[in-house]
Structure formats: C-alpha cells, structure tokens
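All remarks here apply to the structure that follows.
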Amino acid sequence: MGAGASALTGESPDADIKAAYEDASAQERSVFLVKVGEQEKMKLVSLGLVVPEAAPSGLTPGASSPSESPTLGQLSVPPTLDLKPHDFRELWHEKKSAHLQGTREWAFAEILKWLNDPASPQLFWLMGGGGTGKSVLTAELLDRVINRTVAWHFCRHDNPAQSAPGPLLRSLAAMLAHRLQGYKEKLEATGVPGEAMDDPAELFKALFETPLLLSKVQAPERPLLIILDALDELPKESQKPLLAVIASQLSRLPQWLKLFVTSREEPQITRALNSFKPKELRADEAKNRADVEVYLRTIARRYIKGEANIADIEADVKRTYNIDMKGKLAVLQKPLEMSKAIYAKVRDKVNLEEGYKKLIAVPEKRNADLVQVSDDLNIVHVKQAPEAQKKLEFLIADEWEADRKKETLLHPVPGTAREWVEFADSPGIKSEPRVSEKMKNDYGGHANKLKDLARLTLRFTSCSRMAHALAEGLQGVGIEVLTLKNKYASPTPMGYSDFNLCAGVVLSDGTRYVCEIQLNHIDMLEAKKEAHVHYEKVREELPTLCQGTKVDAGELEAFIVGRLSTSSLDAAVEALSAKAEGLFLYAYMLSQHLESEAKKGQEIHFESLDSLPAGLGEVYAVNFKRAFPEGQVDPAWTEAKPLVELIAAAREPITGAMAAALLGWDDLKQRRVIETTALLFPVRDGKLHVFHKTIVDWLTGEIADGSSIREPSAEFKVQRKDGHAMLAEGFIAWRTVTPTEGREPDDVAATYCWLRHGILHLCRADGQGAKGAFAAQAAHVYATDLALLRERVDRGLLSSVAKDYLELRRVDGVNLTDATEMRQFVGKYMDVLQRDKGAAVMQLALQQPDASAVFREAASHISSEQPTRALKWRNKSQEKDACIGTLSHKSVVSSVAVGYTRIVSGSGNSIFVYDAESQELIEEIEGTSEVMSVAIWDGVKDGGKHANQSKSLIVAGFKDGTIKVWDSDALGLLSEKTNAHSDNISSVAFSPDGTKIVSGSYDKTIKVWDLGKLELLSEETNAHSRDINSVAFSPDGTNIVSGSDDKTIKVWDAINFRPHVESEWGSFDKTLHYAEFSDEEDEVETWWRNKITGQEERVKPSRDALGLLSEKTNAHSDTIWSVAFSPDGTKIVSGSRDKTIKVWDSDKLELLSEKTNAHSDWIRSVAFSPDGTKIVSGSDDKTIKVWDSDKLELLSEKTNAHSHLISSVAFSPDGTKIVSGSWDQTIKVWDSDKLELLSEKTNAHSDTIRSVAFSPDGTKIVSGSTDKTIKVWDSDSFNLLETRQGEAMAFSKEAEGAVRDGATIRMKDGGGAFYAPSPIQCVAVSWPRIAAGAQSGELYHLEVMM
C-alpha cells in the first residue's frame, strides 16, 4: 500500500481514514475491504464515503485481491508427463477484476442449470459481440465453479502460438492430469503422444478419447467442465481444425465431461458448431443493458457528485428528444428548491437515527426482464391480482379493517400484524381505466409488465425498524424481494426518499405473482404532505411549458414528471447507459477515467454528465489525452507512437525486449514508454498485449462492419505500414545475422514471429517510401530461401507459405515468376512435406528442372550445406511440371466441380471445398453418407443475366438420398432435404439462374427442388426404367435432360410443370359395373381424381409429374455413358456403350443425326465445342474423334491417343484445345482442329483418371482420379514432353543400399530420399548409382551425391 493508504486501518482516526480512503487506489481499497468486516464498512459509510456492495478491485467493483483469491492458487498447474499447461493467472485476474457482483446472474443461472443437468447438451456456446463482456463472464464463471472445472483456456488474438491446436490440447490434458482423478494414470498407461503428432483429430483421440473412454476413467458424481474462452480470437488456421475436433469428436467423450465455449458470431464458427444453439449476449438486449446499468450505477454512486436540478432535467430532455428547452423550465427551479428544503429537514433529523446508515447502504436490485407469468390482461388483472392482494395482506397481518376516512383503504386490525410491522396500508388492486391506459401507453400493450396491480405500503417510525423489515421481516414471512430501488441513497430531484420494491408472492396454483411494496418513514410522509404544494406548482406549470416543441406535449410532460419522481442516481445511470451502448468495456474504461479524475481532485457533477465521453471511441480519446496532454505534438506521444505502430502491425504479441531492440531503445526509455502506454497496451507474460481489439481499430481507422467503434481517432493516428516497415527491417536483420538453426531458447518467440510473419511484414511495409524494395525482397526471400522453408515445414507452419503468396499477389509491380514457381513447388509436394517435414525440401528441390529457381537455389547450397546425402536424378525431365497443386483425399474422389473461386470434391462421406487460386482447403464438410455428386453455381459471375445474384452455391447428393446446399463463400448450410430420394443420388445440377436444383437417382426418379427451402416443386417417378446416371438443365433453363442405364435420353419441361399441391388428389367412391350377362355383382372401390386436370387413377400418385416434353426409348441399344446440351440448348448429344453417337433435337428428341460404330468400343465422353459446331468424343478404343455437329461427319481423329481407355474429354472455353484424361494416368492437350498433340502429362495421377475439365477462364485444368486426388494444372505451361532416355548400365541384382516405400526411395542408412512421380516397382543399386523401375513403365536413374 502507498503511504497515504497506510491509514486504512480500523484503529486510525476518522479524519485520517476518510482522507486515506479517498486517496487510495482501487486496488488498495480492494485489499482493505476484503480484510475488514461489516462494522468497519459501515464506519466508512458513516463518514460519507460510498462503499460498493462488493469490494472493488483494480478500477472495477466486484473482485478480491489476487493474493486473497483461493481460485488463483488452483489456476497454477505444474507440467506433468511432458505436457506443459499454459498459465492464465494474470489474464484471469485482469478479467475477474472487471466483474461486478450482481451482474450476469441470469447467465450464470442458465449455465449452472445446463452444467447440473446430466441430460443437457455436452456443449454450452455463449456468443456475443466485442465489448459485451464474454471473457469477464468466463473468468467469473471459472471462479464460481473452479472445483468442478478440470481444464481451461483463454484464447487471445495477440498470442496465436499459445492457441495452436497442438499446444492448446496438450495444455488441457496437463490440467486434466492434475484435476481429474484417475486420468493421469490412464493417460500414462495408454501413452502420451510425442511432439511429432500434430494432427488435432489424432491428438484429441490420443489425449482424451482413449484414456477417458477405452480406459474407463471413473465417472464423478456431478458433471465436470472444460472452459474455452474467445474461440474467435484463435488464428484462422488454428480455428478450423480445433472447431472440427469440437464438432465431430466432443460427443465421443463421456457425457459427464462438458464444454463451455464463448465466441463472437463468425461464419466459420457458426458453421462448425451449427448443431449447437448459441446463447446470445447482445449489447442491445434488455438483460445485458440492465447488467451494464448495475455497473454504471456503482460508478455513478462513487464518482457523480451533487444533486440533479432543473437544468440537468433540461439537458436530459435534450439528450432524449434532441430539443433545446432554452431555459424554459427555469421557473420550476424555485418550487423544486422549496420541496428539496422541506425534505432536507427530515433527512437531517433521521440522519441522527441509529439505523439511517444501514438504510443508505441497502444495495439496489434491478431486473429489466421481470414480468408476470401471463401476458393476458384478464388473467393478470381480473383473476390473479385479487388473489395476490389477499395473499400479500395475509402475509403482513391476519386481519384487516377499513380506514375511518377512506373505506377503500385497509389497515391491519391492532394486534394481528407481524411483530416487525408498525403501520401498513392496503389500497386494493388498481382499477380501470388506469390499468388499460398504462398497459397501452407505458408497456406497449403487454399486460405482463403490469407489476403494481397488487400493492401495499409499509410505514415506520424509525430507520432501524425499516432496516429490519428490509433485512429480515419480508423474507421471514415468505415475500421474495425481486427488485429494490433505494431513494434514501439517492433521493429524487425534489428531495423525496422511500424504498420501492417489486415482490413475489405464490398463488394457490403455484404461480409467482409480482406485487409492489413501498416502505416509508413516517416523518418523510409528513414532509411529503407539506411539499405537495410545490409539486402541484410544478404540475400546474408544466403543460404550458411543454407546448411548442416537435414532441407531443403530453409525452414531454410525462417524461419530465418521471424525471422529477426518479432518483437523481437513476437519471445519471440512464444518461451514462445511453453513452455505453450496452458495452461493459465502455463502463470499465469510464471507471478508469473517473478514478483518474478523482485522484486529481476533479469532481464530476450531474450537470457535467454531457461532458463525459460517449462510446468507446470517445473514452479512448479521453484516456489518450490524459496520457498525452499536448496531443500528437506531445513529446511523450512522439516517443510512444513507434511502439504503438509496432504493436498494431505485429500479428502476435512481441516482448518488450524485442520492441526495444527494433526501436533502438535503452532500458530506461523502454520502461518509461511502456509505463505510459500500459493502460491500453498492458504487459502480460513479458509481452505487449492490446487491451481490446477495438483500440487498434480506433487508432488506425481500419474499422470493420459491426465494430463497436464508429469513428477513428481524429488526433492520435498510427499507420500499420510504418509498423510493418520496422518489423520488416527486423526480419531482414534476423535472416542476415541469426543462423536458422541452433538458436538459444530465449529466441524461440522471435523465431516463430519471423517464420510466421516475416514475409507478410515485408509485403505490407511502406516505411520511408521503400515499399517497392521491401516487396521485391519479400518475393526474393519467398522464392529462394530454402532454409526458411525447411524451418517453417519443421515447425508446422506450412500454411504460411500459401498465405504469404497471396500477400505477394496483392503487391503491385513485383515480378513473381520465381515466387510462383516456389508456390507451385510447395503445392505439388504438399503431402510429401507434411509427411517427411523439412528433410524433404532439399531433395525435392534438386528434382526440379535445372532452369527453375528452386533447383538453382538448392544446387548453390548442396555442396556447402548438405545435412544428409542427396540423390541426383540423372535422367530427369527438364520440362516444367504443369501440376501446381495436389489435393489429397483419404477416399476415392467420386465427383468434382470447378467454379471461378472454388474447387469442390466429393470423397467418402465428405465435401471438400478448396480455394481455386491457392488450392488451400477451406473446409471439409461432413455429410450424412457417401457423397455421390456435387455441383457449383457461380451466380455472381454470370454477367448479370439472372436475377439471383446474392450467393455462389454448392449442392451435393448423397448415397442415403439426402441433398444439401451451401453458400460457397461463407460455407454455411442453407438447406437440406433428408430422404429426398430412396436410393443413391447420382447427379445434381443447378438451373442457370440458381433458383432450382434437379436431382437424378438410382431410384429411377427425377425431382426438381426450390433452392430456398428445398421444397419439392415437381417429380417424375419411374422417369426411367433403370438407374439414372445424369441430369442437367439446358443453358436457358427451360428444359431438363436425363440419361439412364435403360439406354434412353429424355427431355423434360422445366418451366411449365404443374405445381405440387399436397391436396391436389381427392378420393371418391367409384362403382364398377359388370356386363349384364356376367355373374359378378357391381363393386365399389376408392379411386383418386386430380382436382386440376380431372385425371382419375386407381392409386393416388405420390407427387405431381414433370411435364415430359419428349423421350426416346431405346435411344441407344446399351447404357448411355454421356449426354450434353449444345451451348444454345437446341441439341443434345449422347454417347453410349453401343459405340454410337447421336444428336437429338432437344424439344422433341427427334433424331437429327447419328453415327453408328463411331468408335470400335464404348464411348465414355462426349462434349460440344463452345460455338456448338463440333463434338468431341472419347472412347475405350483409346481414340479421340472430332465431328461436325450437324451431320456427324468425321473432321479429325487420333488413334492410340492414349494407351488405355479415354474416360473424359472437354473443350477449352475458346474452343481451340481439347483436354483428355485416361485410365493410363495421363492428361493430354490437343489442337482441336487437327488433333495434334500440344502437351501431355504422364503419371498425372497414380491411378485411373476419371474426369478432366478446363476452368471457366481456360487458365487451369482440373483432374480427378481414383487415386483419391484432384490435381490442378497450369494449362499454359503444358509443353510437348520430351522422351526420357534411360542410360544403359550394369546393376547389381540385389538393391541392398536402398528400400522402396510407395513412390519414395530411401537410403537404408538414412542418407537421403528420392520422391518419384509414380509408385516404384523395383530397385537396383550399383553404388553410388541407383536404378528404379516405376509402375508407369518409367525408368529413374539416380546417383548418390557424396
């Protein structure tokens, strides 16, 4: 404690105690108030000091000193089993200190109810905007349930390393090992996974599923809790895998282990947790605002001085209605002062009574959501209010009698009242028409808000009797105090004081009914009679004074009367609440400001409320102005600004030492500046943190939609780019001076910072006009620094490579040729790098063409920096590999769709969505069964031809008959339909305008669905007699074509089908008459008649039919493998196992032309050219043919185009090229006129290729294969592949020096590895040379580089 605060002891003189308490910091007061008892607190009250209901801590009410908190000790968890728990004690205490006792009780009640209910969901999700106090609530919750909480984690946007999935899960496991009985032994027995395991799903299984379930840890008596706060503050690359674990694996844990999480409302989080319903914490919610007002009430009581006068009420009118009364109400000041003087005399008198100090210390209790159970006026007023009135009277006295002067007023019969009751008045229930008027005018027609229908007044002759009634009397007879307003602590502007309560009584049916009770001092009531003449004077003047404004005179008068009847404190709280906008963060920052002002001897009076800052932006401005009085020219700001720019630009917290090194500061300057900025940029764990994300928004002006900040700082402005420049210089120095291996332990934090973000800082730097130089250096480092790449891969930072490339793409004027090569290199070998880590980097680089930047860099270092032996590929191709991405899957890829911004695949039970540019996996969406078909619709890219422009969409059909639709940008599930079909959904397609979906199924049915809710618009049962393989809309959306194993193509009207109506078919009795000569009698059967068409059927159809425009039975004599519309929608081409190609009129399916024996084997794929004049076909006979689309005359052909059957062919968007994919694992590109080979890619996949397609802009080719991968190829870099010549040599028969592992050759002594394009079949060694034969027929000739 400071010197002044040392007087805060019970034995000190009163004057010293008062001075010391006023001078002490909030922390010092906290320590004192925790130690002393109620008697000492009452002594402070008697000295005129305001003591909060709960002791303040820091600058906020509610928490104890850190040294006094029992929870703090439990938050200290030592490492165990090589697992290191994170230490959140400092952060927890900071957040816990900001909690005010009495707030958030509604939330805690709901959370505890969930926790205590074994049958409740396993996860409780609290969602709210920034500044609503989620982390403060979480800290308080942890304090309340610490003995039932087995693990906790507070995520921070400025500390992403701590919240990476691996460290986070290991930290939780370390806590469980200490706090969950039996878990440590089970985990030790099942084995703690090593650091090499970094897959979150596998790690979760090893750390939690196996020891908790398979080893059967004994269940506790009550459910236990794990807490994860602020999921939105996780870095996005960490957020996605962790959310996937929570969504898919949480349910596998024992039901007695529950998870409490908080987050903002963000698409990725809401997507992942869509099976859980969040509890929202909204700034504009009544309960939240009521809690903020409790906080503000404590602040106002402590810091707002004086009493409200008429000028304050005029200011309140201006705040509320934006009208200036211009002093018109000044005539009311005199009667107000006269009234106040009358009450003051009584207050001076009762102030001397024994119980007065207790009265003013009675805490208020507010509940904005308090309502009656019923909202029916007849029930609340007519049925329940009389019973409640009688019940209330009975609880106070056994018998009542009428007042001698007023029969409607009742009093207890002498001797029948409870002993603590002195005088009581029962006026009976409120009557009409006042009840209906109040419900309409004050409560918006809600009867449940009428809480004063049953009412009672209690009068006392002494403060002590009244205090006893409040403390014990009411509760003793079963009256529950629900709300309490204490006007003794804060009188009305006219000076009046009383206690006003909402109290609950239980009716005969068990309903809790809310009544009103007032408690009065008899002397105060007598004064009220005397002051009434002044009150009437005010009421007499008001109607005239309220005329002539834009506000209704009656409404304005009611507002002013309400203010005169409300405590001054209430008025102050309402004014502050308007400024707070429902944000706890504002209240916290305001308390900081007011305490600072109080310490300087500056008081805030009621008339000064408008001078207080409004909203977060203004409160930040006040705090900055206090630290830097001269604004942007203040010398202290000149010193601090570079540090603030560093903090704003840094992607994670940096240490003070790191900042000082970057800025060239000595220890003295470092301490001075950090102390100056500590309020908003506190130091925790030795690192500089941001108190709240909105501070940086305010300083930089980079304000996102939905932010709590409305306007940026007008005076204190910082530029992130300057901070990036300083960090870029630091990154350059780190690369130049610091070796990339063998760093000291204390450099680890800086190392991770540079590895993650160094290139990003170079890209975003713009200091001193050096942007171009920084960006050029970023591109050079990205493209050539293999040591940097190796270390990033080893430390699990491979995703940073893709992110950095996108950063480089955003910089203008930088040559990215070499950087693009590096990005494609990493993309192509992503699976190898994830498996073999950084050790594979050098070998893979040496396998690139000699002209590539990646190879040149590797070759320049191989002789001097060779940690392991490398293998030289002596006969490698010198052509650039066109593969720019390998997207590996765990199961066969069944379907692929390509859009402008997304690549979508179906594999196993999951939909995989990739960014089309970076090939980064955006989301894996788990389906209900095996994915059979996917489609994508790029509505925003169709040139404005269609009305629905709001979203790009993805649809998938599943084996279990389910259809699901997602927004391809946000990846939120828009709609789904279970049991859409009774068998596999083999094909789905969007209409061109994106408003409908057509689905075809093995159940032989075609269905058309409304996109919005997946409501069935129409269907055709038995559309085909065998499995339907393909459905598609015509380009104009008017027709649907279907192809089937039944050898038919059918065209359906997609526009003029009859709408489906559930009641379209009605039943009727139909008499069946038999011929006269028949022995049979007439029979009556139930038939069905269509109400629209009159059609009669013996069996009721299940749905209305699609309008079949045309069909062609036996269109082919065998299975139809492929159908396609012409670009104008007038023709359909079909290819079949019967070796025939046919072209049909799309309206009537009349055969326009056909070519029998078009190929000598099955025709797998047909497609129109973009101009509709040509058709290309690919066949099992290994031939590609191009036909004139009118007469099917052969224009060109290529025999033996592939060495195995051709599974897919497609034109490029400009029609000049054709791409083909084959079961020979090769992709080839041909000139569409002469079918001359332009380029090819052998071993494009390690298994059969099923599908190839050009991207919409023609720059890329996407292929899908049964090897479980999709690959993306740069269509421009497909050059003619040269023949690889093997070198004749003698080899030993036994490959003793090397082993093969799939497509990898590894030296047995660990001396190197070679990553082959195709799986290895055999190996031979003649040291130092190696020959390997591949399943593809290729020969690889290698040499060990010594």
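The values are calculated or read from the model by the stated rules, or taken from the named source; none is laboratory data. Just so it is clear, the model here is predicted, and its values are computed rather than measured. Here Cβ is always computed from backbone atoms with ideal geometry, including for glycine, and neighbour counts include all displayed protein chains. Side chains included, ligands, DNA and RNA excluded: accessible areas come from the protein's heavy atoms. Shrake-Rupley method; radii C 1.70, N 1.55, O 1.52, S 1.80 Å.
If each Cα of the stretch 530-619 is one equal point scatterer, what is log10 of I(q)/I(0) from the Debye formula at q = 0.19, 0.26 Å⁻¹?
-0.94, -1.28
How much of the pair distance distribution for the stretch 890-1031 lies past 17 Å, counting alpha-carbon pairs only, in percent? Before the final figure, lay out each step's value.
Details: 5590 of 10011 pairs.
Every Cα pair in the stretch 890-1031 considered, those over 17 Å come to 56 percent.
In the stretch 390-440, which trypsin sites (Lys or Arg not before Pro) are in a loop and have at most 15 other Cβ atoms within 10 Å, using DSSP for the loop call? Provide the component values of the computation, followed by the final result.
Details: sites: K390, K391, R404, K405, K406, R418, K430, R434, K438, K440; in loops: R404, K405, K406, R418, K430.
Hits after loop and neighbour filter: R404, K405, K406.
Can you order the peptides 79-85, 566-572 by their average number of other Cβ atoms within 10 Å per residue, highest first?
My ranking of the peptides, most packed first, is 566-572, 79-85.
State to the nearest 20 debye the size of the charge dipole of the stretch 773-892 about its Cα centre, where the only charges are +1 on K and R beta carbons and -1 on D and E beta carbons.
Details: 17 positive and 15 negative charges, 79 e Å.
Magnitude of the dipole: close to 380 debye.
What is the percent carbon and sulfur in the accessible area of the stretch 88-174, measuring with a 1.4 Å probe over the protein chains and ignoring ligands?
On the way: 1300 of 2290 Å².
Heavy-atom surface of the stretch 88-174 belonging to carbon and sulfur, 1.4 Å probe: 57 percent.
The stretch 1018-1056: which trypsin sites (Lys or Arg not before Pro) are DSSP loop and have at most 14 other beta-carbon atoms within 10 angstrom?
R1026
Select from the stretch 790-865 those trypsin sites (Lys or Arg not before Pro) which occupy a DSSP coil region and have at most 11 other Cβ atoms within 10 Å, ordered by residue number.
Answer in residue order: R810.
Based on the mean of other Cβ atoms within 10 Å per residue, sort peptides 512-523, 359-370 so the most packed one is first.
Those peptides, ordered most packed to least, come out 512-523, 359-370.
Considering only protein heavy atoms and a probe of 1.4 Å, how much of the accessible area of the stretch 372-456 is carbon and sulfur, as a whole percent? Mind showing how you got there, number by number?
Numbers: 2490 of 4830 Å².
The C+S portion of the solvent-accessible surface of the stretch 372-456 is 52 percent.
Kirkwood Rh over Cα pairs of the stretch 560-687 into Stokes-Einstein at 4 °C, 1.567 mPa s: D in µm²/s?
It diffuses with D of about 76 µm²/s by this estimate.
Which whole-number percentage describes the relative contact order of the stretch 1145-1187, with Cα contacts under 8 Å and a sequence gap of 6 or more?
With pairs under 8 Å counted, the relative contact order is 29 percent.
Sort the following peptides by mean Cβ neighbour count (other Cβ atoms within 10 Å, averaged over residues), highest first: 1126-1132, 1137-1143.
Packing order, densest peptide first, comes out as 1137-1143, 1126-1132.
How large is ³J(HN,Hα) for each residue in the stretch 360-371, as worked out from phi by the Karplus curve 6.51 cos²θ - 1.76 cosθ + 1.60 (θ = phi - 60°), to whole Hz, x for Gly and Pro?
So the Karplus estimates, Gly and Pro as x, are 6, 8, 4, x, 7, 9, 10, 7, 5, 9, 5, 9 Hz.
From the Cα trace of the stretch 784-940, what convex hull volume per residue do you get, rounded to a whole Å³?
143 Å³
From largest to smallest, what semi-axes in whole angstrom does the stretch 425-531 give when each is the square root of 5 times an eigenvalue of its alpha carbon gyration tensor? Please report the intermediate quantities before stating the final value.
On the way: eigenvalues 123, 77, 29 Å².
After scaling each eigenvalue by five and taking roots: 25, 20, 12 Å.
Rounded to two decimal places and with Rh computed the Kirkwood way over Cα pairs, what is Rg over Rh for the stretch 954-1037?
0.95
Taking N as the number of residues in the stretch 238-373, what is its Cα Rg relative to 2.2 N^0.38 Å?
Taking N as the residue count of the stretch 238-373, the ratio is 1.81.
Expressed as cubic angstrom per residue, what is the convex hull volume of the alpha carbon set of the stretch 650-704?
88 Å³
Would you kindly find the accessible area of M822, with a 1.4 Å probe and non-protein molecules such as ligands, DNA and RNA excluded, rounding to the nearest 10 Å²?
Result for M822: roughly 0 Å² accessible.
Residue by residue through the stretch 792-804, what is 3J(HN,Hα) from phi via Karplus (6.51 cos²θ - 1.76 cosθ + 1.60, θ = phi - 60°)? Round to whole Hz and write x for glycine and proline.
4, 5, 5, 9, x, 10, 4, 5, 5, 5, 5, 5, 5
How big is the Cα convex hull of the stretch 1145-1197 in projection, averaged over all directions, in nm²? Each step should come with its number before you reach the end.
Values: hull surface 15.2 nm².
Reported value for the Cα convex hull: 3.8 nm².
Can you pull the percent of the stretch 594-697's accessible area that's carbon plus sulfur, 1.4 Å probe, other chains left in place?
51 percent
Tell me, what ³J(HN,Hα) does each residue in the stretch 708-715 have, in order and in whole Hz, if you take phi through Karplus 6.51 cos²θ - 1.76 cosθ + 1.60 with θ = phi - 60° and put x for Gly and Pro?
Going residue by residue, I get 6, 9, 9, 10, x, 4, 8, 10 Hz, with x marking Gly and Pro.
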